[in-house]
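Engineer: Quick one: the structure is below, and I'll ask about it shortly.
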Amino acid sequence: MSRALTWLVQNQDPTTGLWPSSSLNRERDPTSDRGLMMADAATGFAALALMHADPSLTR
């Protein structure tokens, strides 16, 4: 679990705060609506994992 949390922290985009994601079904432009939706979903899951690991995190 510690390695997974470290990976999440190290792979967050420092500029946007997002965790980038890619589609397994097809190549998508990461700036398109679908590309951004995937990054939003990945960011939500990453944030949930980090907040579950350390409930004192609020941002």
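Only the coordinates and a few stated rules stand behind these numbers; no lab work does. Only a predicted model underlies this, so the values are computations on that prediction, with no experimental measurement involved. When we count neighbours, we look across all protein chains shown, and the Cβ atoms used for this are built from the backbone with ideal geometry, even at glycine.
Engineer: Output the direction-averaged projected area (hull surface divided by four) of the convex hull of the alpha-carbon atoms of the chain, in nm².
Structural biologist: Seen from a random direction, the Cα hull of the chain projects 4.5 nm² on average.
Engineer: Return the distance in nm (one decimal) between the two label points of a simple spin-label model at A42 and T16, each offset 7 Å from Cα along Cα→Cβ.
Structural biologist: 0.9
Engineer: Calculate, for A53 and N25, the FRET efficiency according to 1/(1 + (r/R0)^6) with r their C-beta to C-beta distance and R0 22 Å; round to the nearest 0.05.
Structural biologist: 0.15
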